[in-house]
Amino acid sequence: MGRAYHRLKLRLTFLALSLGFKVGTLKELEKWVAFGLISGIIGGVAALAFTTLLAILENLFNILRNLHPYGLVASLGLGGLLSGLIVYTVAPEAEGHGTDAVTRAIHRKWSMMRFRTGLVKMVASALTIGSGGSAGKEGPIAQITASFASTLASLLRLDVRDRRMLVVSSIAAGIGAIFKAPLGAAMFAVEVLYRRDLEVDAIVPSIMGSVIAHSIYCSAVGWEPLLSHPEYAYRNPVELALFLLLGLIVGVTGMFYVRLFYGIHRAFKLLKLPPHFKPFIGALALGLISLGYPQILGPGYELMADALEGECPWELMGILALLKMVATGLTIGSGGSGGVYAPSLYIGAMIGGTLGGLFASLFPDVVSQPSAYALIGMASFFSGAAKVPLSAIIMVVEITGGYTFLVPALTASAVSYVITGDLSIYREQISRREV
């Protein structure tokens, strides 16, 4: 077997050299294949484990909610309390949305992360989201896979560059699996580290790892996209002006969201309480708000689906967008564990849906499908608020299967990205790579 492998390797090497590849390039290709395979397995298995744990806890919290009229508030409070106690006792770096912690480790700590961080993040985020907290799975799966990959890199004694490459490609793999968006996740992993640059060395292994993880995960849970959408065709160039206006409004709203999120975060930092109990306070506050508007709980995919289908009143969506910003700040800004990607998509969908309904009432001859603005709002809001214009568009298109929305989404996202400047929900991003 060993001789056969070496003969095959020699033949492939000879073929590659005859086609013009250099020896150094061949070594890089070999490394990319290895890292892609490893990160794909890490991402696929971690995504399945996290999803399974989350489903179990959601069912348990649903039982609690049905026991009493105020079971919803009790469920949120218990989830926040348990999450805070676990995180701040065992691994304080697992608090918050997770993406900044990973970015900070990559830029400042040579991509070094503890194995326990991933385990704690998985449990704490499942508690937060499962109990109804306004948070998503992107940040948690990024930190989970990054910590596992970093631990493996230490065992393999990889150098700093290779460790970084394995960690980034594992982030792509985890997100690509759990959101069923392999290309968008690969772009997100290499784009999210910077405001004006990409982690180019990790592009190939990130794509490979994301595709492998996506295949592992979807083989177990199914291949359907997370959201569906009605058919749409962009045929009226006049409507482009409305997409530009959408991008402008979404960009300004994104700036408000980032400032509100970190304003709530600072308020909780100033609160004279042990950090263990602050997620509990945030969860209780969210619970009281949700008594009137339960639509703001959880990641919010059900309401996003309604917005894409045009089944949510546009007058209500503007209110829900503002309340979701507050809800996300209370959940994650208080120190709770969960991601900001899904809440950001929700906010973008609500803003886009509101504007779509408004534009349709003002310009009925121009706007053919008001619900299309919800999807465009999802992509453009996250493009500006997170400084990830390429991956935001690709991921939203993959999550919904809405490839016909590409031109409007590009237009609105470009405007939103420019309007928000250097402001980002991910504070640990740096401007550019060090050359």
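General observations
- Cα-based convex hull, segment 356-402, per residue volume (Å³, whole number): 71 Å³
- The rule of thumb for compact globular proteins, 2.2 N^0.38 Å, goes into the C-alpha radius of gyration of the chain 0.98 times.
- Altogether, the Stokes-Einstein calculation at 4 °C and 1.567 mPa s, with the Kirkwood radius of segment 2-221 over Cα pairs as Rh, returns a diffusion coefficient of 71 µm²/s.
- Loop chymotrypsin sites (Phe, Trp or Tyr not before Pro), segment 86-132 (other Cβ atoms within 10 Å of the site Cβ: 16 or fewer; DSSP): W110
- For segment 301-369, the alpha-carbon coordinates run over 47, 17, 15 Å along the three principal axes, in decreasing order.
- Projected onto planes of every orientation and averaged, the convex hull of the alpha-carbon atoms in segment 207-327 covers 11.9 nm².
- Estimated [θ] at 222 nm from DSSP helical runs (n ≥ 4, -39500 (n - 2.57)) normalised by residues in the chain, nearest 500: -24000 deg cm²/dmol
- Cα-based convex hull volume of segment 237-419 per residue, rounded to whole Å³: 101 Å³
- Between the alpha-carbon centres of segment 156-199 and segment 237-303 there is a gap of 26 Å.
- Two-site label geometry, L240 and I56: point separation in nm, points 7 Å out along Cα→Cβ: 5.4 nm
- Förster-model FRET efficiency, 30 Å R0, L260 and V221, C-beta, rounded to 0.05: 0.30
- Multiplying each eigenvalue of the alpha-carbon gyration tensor of segment 290-338 by 5 and taking the square root yields semi-axes of 21, 11, 8 Å, largest first, rounded to whole angstroms.
- Across the chain, Cα pairs under 8 Å and at least six residues apart give a relative contact order of 22 percent.
- Look at the dipole of the chain built from charges on Cβ: of A124, S219, S344, the Cα furthest out on the positive end belongs to A124.
- Each Lys or Arg adds one and each Asp or Glu subtracts one; over the other residues with Cβ under 11 Å from the Cβ of S150, this totals +4.
- Sum of side-chain charges, A349 neighbourhood, beta-carbon under 14 Å (Lys, Arg +1; Asp, Glu -1): -3
- Shape of segment 140-237, Cα gyration tensor, a/c cut at 1.5: oblate
- Ranked by how many other beta carbons lie within 10 Å on average, peptides 368-374, 350-356 from highest: 350-356, 368-374
- Largest-first ellipsoid semi-axes for segment 38-132, taking √(5λ) over the Cα gyration tensor eigenvalues, angstrom: 28, 16, 9
- Distance between segment 307-344 and segment 358-388 - C-alpha centres, whole angstrom: 16 Å
- Least to most buried among K137, K269, K31 (fewest other Cβ within 10 Å first): K269, K31, K137
- Per-residue ³J(HN,Hα) for segment 54-59, Karplus 6.51 cos²θ - 1.76 cosθ + 1.60, θ = phi - 60°, Hz, x for Gly and Pro: 4, 5, 4, 5, 4, 5
- Sites count as exposed loop sites when they are GluC sites (Glu not before Pro), lie in a DSSP loop, and have at most 15 other Cβ atoms within 10 angstrom; the longest stretch of the chain without one is 1-230.
- Placed amide H near G339: partners under 5 Å, 5+ positions off or other chain: G136, K137, E138, G139
- Sorting 121-132, 37-48, 415-426, 338-349 by their mean Cβ neighbour count within 10 Å, with the most densely packed peptide first, gives 338-349, 121-132, 37-48, 415-426.
- Counted charge near A101, where neighbours are those whose Cβ lies closer than 12 Å (Asp, Glu -1; Lys, Arg +1): +2
- Rg(Cα)/(2.2 N^0.38 Å) for segment 78-204, N = residue count: 1.02
- For the chain, with +1 on Lys and Arg beta carbons and -1 on Asp and Glu, the positive-most of A283, G84, I106 along the dipole: I106
Computed from the coordinates by the stated procedures, all read-outs in this text should not be read as laboratory data. Please read all numbers here as calculations on a predicted model, not as lab measurements. Cβ: placed from backbone, ideal geometry, glycine included. Neighbour counts: every protein chain shown.
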